[in-house]
Structures are given as structure tokens and as C-alpha cells.
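The values are calculated or read from the model by the stated rules, or taken from the named source; none is laboratory data. Just so it is clear, the model here is predicted, and its values are computed rather than measured. Because the Cβ atoms are built from the backbone with ideal geometry, glycine has one as well, and the counts that use them run over all protein chains shown. Please note that ligands, DNA and RNA were not included when accessible areas were found on the heavy atoms of the full protein model with its side chains. Shrake-Rupley method; radii C 1.70, N 1.55, O 1.52, S 1.80 Å.
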Amino acid sequence: MNILLLYPEFPDTFWSFKHALKFIRKQASLPPLGLLTVSSMLPDTWQRKLVDLNTGDLTSDDLEWADMVFISAMAVQKSSAEELIARCRESAVLTVAGGPLFTSEPDVFPDVDHFVLNEAEITLPQFLDDLDKGQLKRFYRSDSFADIMDSPVPDWSLLTMKNYASMAIQFSRGCPYKCDFCNVTTLFGRKIRTKTSRQIIGELDALKQNGWQDSIFFVDDNFIAHKAYLKKELLPALIEWQATNRSTAKLYTECSINIADDPELMDLMVKAGFNQVFIGIETPDSSALEACGKQHNSSRDLLRDIKTIQRAGLEVQGGFIVGFDTDTPSIFRRQIEFIQQSGIVTAMVGMLQALPGTGLYERMKQEGRLRCSSTGDNADSTTNIVPKMDIDILRQGYRDMMTSLYSPENYYQRIKTLLQEYRPPKFRSRFRPDQLLALGRSMIALGIVGSERLHYWKMLIWTLFRQHRSLSLAITLSIYGHHFRKVCLLHLNREEDHAAVQA
């Protein structure tokens, strides 16, 4: 049987990095890890082909070759997923859909033939068994959570790796917290399930055998949830693997703010190759944190915690939200001040959105405040709820906040603030041609053509003389800023046009 694995295109979003990827001639940030894992679970006798719409096009020949199409997506890929499903229907190819988008909203896709929902380690074998019997059902669901110690090594052989800026690995699923706006516990539960350190080393070995030597994203929603296992098993194994293989791979992940409480954990992570963490900060307003169930962020000195993490050698990226019920118009200025003081250069700020399956979604539905489906884009300047704050004040405040945060003056000042605190780890490194390419292109695009040219050169010269070990990071962040400004302008203009049409 010929199986075509399809991954829909990401729109131009905060995390797509489309404008930044051009500087290093890459086409996508990350590969479709879920589909690569599914591929490893299919019968060995089946032929497989992956088409990632973020790196290439789907052709008529691809559809003609396929006996069956497997498609997986996240909410932000919904529009592209609908187009792909329509093309499969026109070509009379059987479609099988799974992943977060379809698990959350299967009824939105009437043209999908079969749904393999929740975790594929449980539901895909059921589907394959029924396929053998000729007794396929439309829906395959499970209320149980998989033992991911049974999860196979992803099928890296399907990838053209040079198209990607980074690879991805998953160590754990689940999160112990229950923030009412987050759907992680809905999809993966609160109990932390982990792979063994041997599994992770096996996945790293497979990546190395396929020629990968660059960045690797541990996609866990909260990497540090099982601290004891990390410190005793996984991180020592990673440190040994990096040394044995003379690896130059840099690692990054997501975690909670309480990593700042554990110097030993941070030290081990840095020694293992981690240099960056994304943390959901959300807001400096403690009443909003309490109301949304994020008590683990309240009653803390968040600024001090961020500085502690930065000094340990981990750059902090942050997620922020405005539009909580407790927010007043002063929140926009407070968010700007907090983000500027923190030195969080990559600050993803979005209006509150209600995702299916969350406590917030159910509450908004009961209160008659649910306007439409979420776009799945955390920072597209929209909300799908009726906020307590006047919607026009919220929109204007958000517009002003984003314009301020991503103005060249404030953005480059955050880079300097970060570099004054950040202690770059002494990693083994190698020369990468794309780094030289990125430097040259940034000098032209940002240092000559761009309106930020003065701020770019001031930052570059300051870094060269004051923090020369962080020069590569400074250039990378400058390029990110180019992407963020373009995306910010795109979304704000789109929202302005939408509001004008509504008026």
C-alpha cells in the first residue's frame, strides 16, 4: 500500500519564522514530528512518502500514487488542511486525519473519511487492525493516555533535512498544571509520561546517522515536570552523549518559571546543551494569574526569576496574554514595562483566546461570550471571546503594545538588556556556512536597507566590544526582529481592515 503523509502549510505567524528563515536559506523551522512517528508505526511492507507543504508542493502525481492519505495538523494550519482535504476528495483518495486540530474539532471536517484521534500509539493500531479485517469505522478515539515508552523512533528517512532549521524530539507528554486557557491537559492529561533516557539517546543517534548536527527542539509542553528523572537519568545521559559524539547540537525546550528555583537543574541542562527555554509568563498581574489557574506564576518575583535563568546560561523566550477579565487599560503599559525590563527579546503577546476542551472555553460558552472558533494563532491580534474590557480599547491597546514592543528602538534595547545578564555557555561549536550567510544578509537587509539600520549597528558594535561571545545570538535575534516586525504589521493591518469592514 502507498501511504502519502501530508502536513499542511503554516500561515505567516509569529512562530513560522518565514521571514527569518530566508536569511539562512531554510524553508521551515521544524519537521512534522507526529507524522514521522506515525510513519514508524505503519507496516514495514507499506511504501511511504511525506509532503510537507511548508517545504514543497503537493502534485497530482503524488495523489495519483497514493492509496491512502494521512494528514495531521494543528489549529493554526486549519485553512491549509481544508484545502488539502478538498484536493484528496477530488482525487478520490481515502483520507485519514489525526493530530490536535482534528481531535479538537472533528465535526468541522465532513469530507474526511476516517479519524484516528487522541494519541496514535493507542488508536492507530485499532485502525490498522480494522483495515486488515475490512471493517473500518469512521472514528477511532480513546479516553486513555499512551505509554510513550512504546513510542517508536520517528522515521527521519522521509525528510530532506537541509530544508529545516531545527529537528524535534519529544521526551514527555502531559503537564501537572491546569491553566484554564490551555488545552495541553485536555489533549495529554496532567500525569507526566516520559520516554526513557535510552529512547531519547536512540532518537539522537538516529538523527546523527541521518546527518543532523544542528539545533534540536524538545517539544515537551513542560520539559522540567519530572525533575528527579531529568537530574538522575536523562540530563547525565545527554551530557555523556554530547561529549562522546563531540556534538555541536544546541538544544531548546519549554518549561515553567519554577526552573529558576533549581540551580542544579539549570546547570545540568546547560551542560547537556540547552541554551534556550520558552516560558509562559502570561502577565505581571497576580490577580489575572490567580483567576486563570496559573497560581504557580503568582506570588513570585517574575523579573528576578527571569534574570536568574538568563544568568544560568538559558535565554528566556516568553508568552504573554492580554484580555483577561481582570485586565484594565493599564495592563498594556504594565506588560510593555515588564517585557522591556526582563530582556525577553522574543515576546509572544496575544489576546486571550478560548480553545475547545479548556475550562475557559466552557465558561465562555455558558456565559454566552464565545464568538467563534479560535484561529490557533497566538499572536494574530484577534480574540474569539467577548472580553470584559471594551473591545475597541482592547484592540487599540494591543495595537499600541505590539507597535511599541517591536519598534526597532525597544526591540534592540531588549537585546542589550538580555546580553547584559546572559552568561553564554561554553559549547563546542563548528563553523556553519549558514551563519556567515546570515551575517552578510543581515548587514545588507538590516544594516543598510532596513529602517532600523542605526539601532542594528549600535547593537552590533556594542556586542562586539562588550559581549563578543554573544555575537552570534545578537545577530540571530536581530534577524528574528525583522520577522516579528513584518508579522506584527501584517496582522495589525489585517485586523484594522476587518474592523473597518465591520464598521
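Here are the numbers for the structure shown:
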{"quantity": "Pick from region 109-119, criterion in contact (Cβ under 8 Å) with a residue 12 or more places away in the chain and under 18 Å from A86 (Cα atoms), ranking: surrounded by the fewest Cβ atoms within 10 Å (Cβ to Cβ)", "calculated": "D111"}
{"quantity": "Selected residue (only one of M68, M41 is open to solvent by 40 Å² or more (accessible area, probe 1.4 Å) and more than 25 Å from S215 (Cβ to Cβ))", "calculated": "M41"}
{"quantity": "Qualifying residue in region 80-95 (condition: within 18 Å of the chain's Cα centre (by Cα), open to solvent by 50 Å² or more (accessible area, probe 1.4 Å) and modelled with pLDDT of 95 or more)", "calculated": "no"}
{"quantity": "Search result, residues across region 156-174 that are touching a Lys or Arg at 6+ places or on another chain (Cβ under 7 Å) and either open to solvent by less than 20 Å² (accessible area, probe 1.4 Å) or within 22 Å of W46 (Cβ to Cβ) (or both)", "calculated": "L158, Y164, F171, S172, G174"}
{"quantity": "Condition broken by S247, with the remaining ones in (1) over 19 Å from the mean Cα position of the chain (by Cα); (2) at pLDDT 95 or above satisfied", "calculated": "(2)"}
{"quantity": "Matching residues, region 367-415, being under 26 Å from V184 (Cβ atoms) and assigned to a helix (DSSP H, G or I)", "calculated": "L394, Y398, M401, M402, L405"}
{"quantity": "Selected residue (criterion: surrounded by the fewest Cβ atoms within 10 Å (Cβ to Cβ)) from residues of region 215-225 that are out of contact with any helix residue (DSSP H, G or I) (no Cβ under 7 Å at 6 or more places or on another chain) and within 22 Å of Y177 (Cβ to Cβ)", "calculated": "F218"}
{"quantity": "Spans of helices (runs of 4 or more DSSP H) in region 226-310 with at least 3 residues crowded, with 19+ Cβ neighbours inside 10 Å", "calculated": "235-244, 263-272"}
{"quantity": "Among the candidates S39, S29, residue that is over 22 Å from P125 (Cβ atoms) and among the hydroxyl-bearing types (S, T, Y)", "calculated": "S29"}
{"quantity": "Answer from P110, P106, P100, P31 - the residue that is within 20 Å of the chain's Cα centre (by Cα) and more than 23 Å from A206 (Cβ to Cβ)", "calculated": "P100"}
{"quantity": "In region 120-155, residue farthest from I200 (Cα to Cα) [restricted to those that are open to solvent by less than 60 Å² (accessible area, probe 1.4 Å), of a type outside the set (A, V, I, L, M, F, W, C) and touching a helix residue (DSSP H, G or I) at 6+ places or on another chain (Cβ under 8 Å)]", "calculated": "Y140"}
{"quantity": "Residues located in region 183-209, provided they are acidic (D, E) and open to solvent by 20 Å² or more (accessible area, probe 1.4 Å)", "calculated": "D205"}
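So that you can scan it fast, the table gives a plain yes or no per residue for (1) touching a Phe, Trp or Tyr at 6+ places or on another chain (Cβ under 8 Å); (2) open to solvent by 10 Å² or more (accessible area, probe 1.4 Å):
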{"site": "I344", "(1), (2)": "no, no"}
{"site": "V349", "(1), (2)": "yes, no"}
{"site": "L355", "(1), (2)": "yes, yes"}
{"site": "E367", "(1), (2)": "no, yes"}
{"site": "L370", "(1), (2)": "yes, yes"}
{"site": "S373", "(1), (2)": "no, yes"}
{"site": "N378", "(1), (2)": "yes, yes"}
{"site": "T382", "(1), (2)": "no, yes"}
